[in-house]
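To keep things clear, I will list the structure first and then write my remarks on it.
The values are calculated or read from the model by the stated rules, or taken from the named source; none is laboratory data. Since the model is a prediction, treat every value here as computed from it, not as a measurement. As a convention, Cβ positions derive from the backbone with ideal geometry for all residues, glycine included, and neighbour counts pool all protein chains shown.
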Amino acid sequence: MDAILSARFVTEEQATKLINKLKKLTSYHFAKALSSPIKYNKSMDHIFGLTKVYIDKIHHAIEERKVITFKYGKFTIDRQFELNRKSQEYVYHPYALVWEQGFYYLIGQKENKEGLSSNRVDRLREVEITPTAL
């Protein structure tokens with residue numbers, strides 16, 4: 001339950017549904033002993049919804065050995081999202097997704113660059129799978 005509640009990309013509504021389903025997989029008495037879902041302030045649920053879509057796209061790209069494109073940015077102190085590199089697209093060869101300290105990271109190689117790099121998936125925008133194979 002803690003993992004579900006701490007996952008930033010899982011909305012409060014989805015967390016409640018998942019936990020209720022988990023409770024149905026155990027005995028009545030054990031389920032009753034489990035704590036009720038903690039209420040978190042997830043005011044940016046729309047961003048977390050996008051993150052799940054991007055995770056799915058990235059998984060498909062890795063599976064199909066395809067190149068992806070995306071834009072990358074970060075939130076300002078005013079909670080406004082700003083794209084890096086004047087909104088230029090990144091062309092990326094995805095190799096893996098890694099869950100670390102509450103965030104998904106995309107591991108791969110940028111087009112025309114040496115070595116691997118990582119990008120936080122919640123900071124990606126406009127992720128698309130290209131027809132180009134790795």
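Residues of the stretch 1-25 that are in a loop (DSSP other than H, G, I, E, B) and closer than 21 Å to Arg120 by Cβ: Ala7, Arg8, Phe9, Val10, Thr11.
Among the residues of the stretch 63-75, none qualifies, meaning not one is touching a strand residue (DSSP E or B) at 6+ places or on another chain (Cβ under 9 Å), outside any strand (DSSP E or B), surrounded by 16 or more Cβ atoms within 10 Å (Cβ to Cβ) and at pLDDT below 95. Among the conditions (1) within 30 Å of Ala133 (Cα to Cα); (2) over 12 Å from the mean Cα position of the chain (by Cα); (3) modelled with pLDDT under 80, Ile38 misses just one, which is (1). If you go through the stretch 96-134 and keep only what is surrounded by fewer than 16 Cβ atoms within 10 Å (Cβ to Cβ) and hydroxyl-bearing (Ser, Thr, Tyr), you end up with Ser117, Ser118, Thr130, Thr132. The residues in the stretch 101-124 that are over 10 Å from the mean Cα position of the chain (by Cα) and assigned to a strand (DSSP E or B) can be counted, and the count is 7.
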